[in-house]
Structures are given as C-alpha cells and as structure tokens.
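The values are calculated or read from the model by the stated rules, or taken from the named source; none is laboratory data. Keep in mind that this is a model prediction, so the values were computed, not measured. So basically every Cβ, Gly included, is an ideal-geometry build from the backbone, and we count neighbours across all protein chains shown. These accessible areas exclude ligands, DNA and RNA; they are computed on the full protein's heavy atoms, side chains included. Shrake-Rupley method; radii C 1.70, N 1.55, O 1.52, S 1.80 Å.
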Amino acid sequence: MNLATPEAWSAVQFEAQLRAQGAGYHIHHPFNVRLNAGHCRPEEIRCWVANRFYYQLCIPRKDAAIMANMPDREDRRLWVQRILDHDGSGDYSGSEAGGIEAWTRLAEAVGLSRQELQSLRHVVPGVRFACDAYLNFARQAPWQEAVCSSLTEMFAPQIHKDRLASWPLHYPWIEAEGLQYFRSRIPLASRDVEHGLRVTLTHFTTAAQQQRALEILRFKLDILWSMLDAIEKACRP
C-alpha cells in the first residue's frame, strides 16, 4: 500500500508554522516572567546577566562558524555584519560598541565589574553546555540549517521591548544607559530575520525539509529554555 507523500506548505504557510514556534520561546519561562514582573532581587539579576554573557560571547563565534560554511560570497557579505554587530568595531563607542560591549555596560549598571563579568566565574555548567551545544551545531550543520536556527530572532524584539518597559519601573536602581543592549537589538533582530527567513523559505521546500526546519528551530528554542532552567536554579533565593 502506497502512502501519499505529504504536500509541502506554501511559503506563507511555512512562515506561519515557523512563527507559531514562538509559543516555546523563553519569554514564557517562569524566570523571565518573574524578572520582568519586578520580582527578582539585585543578586538574581546580576546572576542572570553574568550567565547570559557567556551566550553573548558565543554569538559572534557561532556566526563566524556559519559564515565559514557559506560558499557564496553574497551570503557571507550579508552574514558578516552579524559578527560586527556583536564584536563591535572602531573604538567601541556609540553605534560601533557592539553587543558584547553593550552587555558589559549592562553588567556594570547592575553592579558587576567588567573584570568579574569577563572572568566567567559565575557561569554555571548548564549554561556552558547549552551554549556550547549551539556553537557545535553551527559548526557542523549545513549552513542553511544553522541559519534556520537563528530564526528565534523572530521572537526577540518583544522580549527586549518588555524589558525596556518594565525594568525602569521595577528596577530604578539600574542606570538607563545600561539598557542600551535591549534598545539596539530591536531593529537589528528585525533586519536579521528578513535575511534568515529568505534563506529558510528558499532552501526548505519539501514537506520533509520543512519539518526538519521546525525541528531545528525547536532545538534552538530548547537551548534558550534550558539556559534559563540552569540560571533559575543557580540564582534561586
């Protein structure tokens, strides 16, 4: 008995399926909900910032690994900007500061010294494991699959907007300049999603490939969720 081959979704349907995975984004994690509701103590916020810094360090390394697997220079020319977005350029001031420097200034705003943050001594094993797993995936997977994993950026603008709206109310002791990372990522995430979606919708065209894309996106969502699981346990009062 022959089974009918499943039909692939149209590009519109496929994008809708990708976006529906946002239900598993860590914006819904209990720790993030508590953080944005103003229920975290200063030491918990410092713990979160210190652990998330390890993820920030992995982002440009992940993007460099993806770019190294891209055979077409036009794709590389677009992707290289992501590395500069996080590593920064010039004298690391203003718009050239980069995400890692902006996160470092967030750390200083919540009471962590630059030296303490960069020592990574507060990073717990669960966070290291999750971030390293993501970095290894980006190195070894076909570049189109690694690009697909970056589509969690579709859900990022809202989490940054929530922090910008709630943190000044609940945590007025955090200097406003320290929140620049969240401000800067909103337009950059939207730009990155446009490119990532174009690659994903073009490459994953059969039903089997589209299911694979959903699996990859869920894998990345699990990475982010697992990080918060580890952070919540480490930062628990």
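Here's the yes/no breakdown for (1) crowded, with 20+ Cβ neighbours inside 10 Å; (2) without any contact (Cβ under 8 Å) to a residue 40 or more places away in the chain; (3) more than 25 Å from H39 (Cβ to Cβ):
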{"position": "R128", "(1), (2), (3)": "no, no, yes"}
{"position": "F137", "(1), (2), (3)": "no, no, yes"}
{"position": "C148", "(1), (2), (3)": "yes, no, yes"}
{"position": "F155", "(1), (2), (3)": "yes, no, no"}
{"position": "A207", "(1), (2), (3)": "no, no, yes"}
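More than 18 Å from the chain's Cα centre (by Cα) and open to solvent by 60 Å² or more (accessible area, probe 1.4 Å), is that true of R34? Yes.
If you take the residues in the stretch 189-200 that are surrounded by fewer than 18 Cβ atoms within 10 Å (Cβ to Cβ), over 16 Å from A138 (Cβ atoms) and out of contact with any Pro (no Cβ under 7 Å at 6 or more places or on another chain), which one is modelled with the highest pLDDT? The extreme case among them is R198. Given the criteria more than 18 Å from W225 (Cβ to Cβ) and among the small types (G, A, S), does A68 qualify? Taking the combined requirement at face value, the residue satisfies it. Assessment of the stretch 111-131 against the conditions (touching a Lys or Arg at 6+ places or on another chain (Cβ under 7 Å) and assigned to a helix (DSSP H, G or I)) yields no matching residue. Within the stretch 93-104, the set of residues being among the hydroxyl-bearing types (S, T, Y) and surrounded by fewer than 18 Cβ atoms within 10 Å (Cβ to Cβ) comprises S93, S95. Working only within the stretch 213-237, note down all residues that are closer than 18 Å to M154 by Cα and basic (K, R). Listed by number, the residues that qualify are R218, K220. Count, please, the residues in the stretch 209-222 that happen to be open to solvent by 60 Å² or more (accessible area, probe 1.4 Å) and polar (S, T, N, Q). Final tally of qualifying residues: 2.
Among residues of the stretch 46-92 being in a helix (DSSP H, G or I) and acidic (D, E), the one that is least open to solvent (accessible area, probe 1.4 Å) is D63. Taking each residue of the stretch 1-17 that is open to solvent by 90 Å² or more (accessible area, probe 1.4 Å) and looking for partners that are at pLDDT below 75 with beta-carbon atoms closer than 9 Å, six or more apart or interchain, yields nothing.
May I ask you to list the residues in the stretch 105-123 that are touching a helix residue (DSSP H, G or I) at 6+ places or on another chain (Cβ under 7 Å) and open to solvent by 30 Å² or more (accessible area, probe 1.4 Å)? R105, E108, G111, R114, L120, H122 - these are the residues of the stretch 105-123 that are touching a helix residue (DSSP H, G or I) at 6+ places or on another chain (Cβ under 7 Å) and open to solvent by 30 Å² or more (accessible area, probe 1.4 Å). Screening the stretch 189-237 for residues that are of a type in the set (S, T, N, Q) and in a helix (DSSP H, G or I) and picking the one that is nearest to A102 (Cα to Cα) gives S190. For I186, the criteria (1) open to solvent by less than 70 Å² (accessible area, probe 1.4 Å); (2) not in a helix (DSSP H, G or I) hold in every case but one, which is (2). Residues of the stretch 157-174 that are free of Cβ contacts under 8 Å to residues at least 40 places away in the same chain and either surrounded by fewer than 17 Cβ atoms within 10 Å (Cβ to Cβ) or not in a helix (DSSP H, G or I) (or both): K161, L164, A165, P168, P172.
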